[in-house]
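Please treat every number below as a calculation from the coordinates, not as lab data. Computed from a predicted model, the values in this text were never measured in an experiment. Positions of Cβ are generated from backbone atoms using ideal geometry, with glycine treated the same way; all protein chains shown enter the neighbour counts.
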Amino acid sequence: MTEEPEKIEQAELSSFGGKIGAVDLDFGQFASSWDPTMVSGASLGCMPYWTPTPHPFYLWPPPAWDGYGYGFEQVGLQPYHKFLDSLNQTVGVDLWHEYMAAKNEAVSTKDFGDCRKAFEEKKQDVRAKLASIELRSEHVPLTLQLAYDDIGSLFLQEALTPDLQQELWNQVLQTLLPDIQNLSKDANGRTVVERLLAPTPKNPELVDKLLEVIPELAGNNEGCRIAQIIIRAGTKAQFLRIAEVLRPTVEKLIVDKNGNHVIQACIEVMPTSCVSFIVTAVEGRIQGIAKNMFGCRVVQRLIENVPQLIENVVNGIHEHTLYLANTKYGNYVLSHLLEHGTLEDKRKIIRTVIDNIEEGIADLKFSSRIVEACLKCLAEEDGLGKEREQLVEALLRPELLHKLMQSKFGHFVVKKFISSVFETRPGEEQEKVRKLLRNAPPEVLSGELGVKVLATLQSAEGKLEA
C-alpha cells in the first residue's frame, strides 16, 4: 500500500511573506479534486518557488513515489517523463525525482540556505541533461508543455537556432501557434516566442496572430516585450494596423507600468503619421500625464521624436511649468524640454524660474533640479544671454545666496552655479561669486552644507589656476 504523504501543518514561505496550510485530504482522490488555482501556471513543472495561495495542498511527490506514479498528469510533469523516456534516458527520470524531492524540501523548510542550494544544484543537473538532448520531430508534440516551464523553455531556446532544420522549426511553430497569445503572456513562454520572432523576415502568420491581441499584450508584464518586438520590426501596413488597435486603449497604456514601454516604442519607430493618436491622447490631459511616473516617459519621447506634432502639448507644459516643477516626475519633463526643446521653449521655462527665484523655487526638492537644469542650459546655449544675466543677477543677491547655502536642496543649486560661472564666465563675475561666498556669515560657512559649498568653490578655483 502506498504510504500517505506527510501532512505539513504550515510551511512559511519567507521569501514571499505568505503561508500555506494543509488539511486532511485523501491522496487517492487527488486527481479528481485538483484545483489549478493551487499554484500559479508558471509554477507547474520546475519553477523554483511555489506561489503562496490560500488553498491547502500536500507537498509531493510522496515518499513512496513509483516512477511513473499517480499525479504527474495533473501537474504537468508527464511530458518530461515521456520526453526523457523516449530517448531511453531513464536516468533522467530518476534525476527528475531527485529534483522534485529537493524542490519540496526547499519549499517546506524555514531554512532556505542549504536546501535552496541543493535544489538549485539539482535544477542545474536537469538543465544539463536537457542540454545534451537534440530536438527531433518526435519531440514536437511536447513543445507546448516545455514552453511553459522554466527549464523546458531554456531547452527550446537553445534548440531553436538558425541551424535548426526549417521543416522542424515550422513544426514547432505550428504546434505553438494555437496558444501563442497565452505563451506571450507567460514568463517562460514569452522567451520561446521571442526566439520564434528572431528570424528576419518574421513569420507573417505568427505576427498576425500577435497583432490581434497587441493591446492585451501591451498591458501585460511579459506580453509588452513581445509587443515591442513586433512594433520595432513592423512594416508601414502593420504600423497602421497597430495604431488602429491601440487607439481605444492608448490613454490607459500611457500611464500603465507595462503599456508605457509599448507606446514609447511606437513613438520611436513609427512614422509621424501613425503617432498622431498618441499626441491627441496626451494633449487632452498633459498636466496629469506629465506628472505621472509612467506618463512622463511618453511625453519625453514625444519631445525627442516628433517635435513638429506637439505644439499643443508643449503649450500645455508651459501653462503648468511652476506646478510641474514641484512634482516628482513632472520636473523630468521640464528638464527634457530644456534639453531638446526650441530656443523659445527654453526661454519660457527660464523666465518662469527667474520670476519665482525669490519665492523659493531654488529651495525645494524637485523644483531646485529645474534651476540646476536652467544653469546647465544657459552654459550651453548662446542665444539666451539676456536670461543668463538676469538669473545670475538674481542668484548673486547675498541674502538669497547665503540662504541657499544652508538649504538641503538649495546648496546643490549654489554648487551648480559655481561650476557654471567658473567654467564659462571668467573675470569679474567669478570674483563676485568668490567674494560673496567667502564673506558669508560664520554660521553659514561653518555649517555642514556651507563647508560643502566652499569645497566646490576651492575645487573650481584649483581647476582655474591649473
With an 8 Å Cα cut-off and a minimum separation of 6 or more residues, compute the relative contact order for region 367-466 in percent. 31
Can you pick out the pairs among Lys257/Lys376; Lys185/Lys257; Lys365/Lys463; Lys386/Lys463; Lys291/Lys415; Lys376/Lys452 whose Cα atoms lie more than 24 Å from each other? Lys257/Lys376; Lys365/Lys463; Lys386/Lys463; Lys291/Lys415
Quick one: P(r) of region 251-349 from all Cα-Cα pairs, 10 Å bins, percents rounded to integers, in order of increasing distance. 18, 56, 25, 1
Please report, in whole Å, how far the alpha carbons of region 335-428 spread along each principal axis, starting with the longest. 34, 31, 18
Placing +1 at every Lys and Arg Cβ and -1 at every Asp and Glu Cβ, with all other atoms neutral, what dipole size does region 125-169 have around its Cα centre, in debye to the nearest 20? 60
Relative exposure of Cys274, Cys224, judged by other C-beta atoms within 10 Å (fewest first): Cys274, Cys224
Kirkwood hydrodynamic radius of region 402-466, from inverse mean 1/r over distinct Cα pairs, in Å: 11.7
Roughly how many Å is it from the Cα centre of region 388-431 to that of region 179-250, as a whole number? 51
Charge dipole of region 300-407 built from unit charges on the beta carbon (Lys, Arg +1; Asp, Glu -1), centred at mean Cα; most positive-end Cα among Val306, Ile350, Ile370 is Ile370
Just to be sure I understand the model, the point goes 7 Å from the Cα along the line to the Cβ. What's the resulting Thr200 to Glu359 distance in nm? 5.2
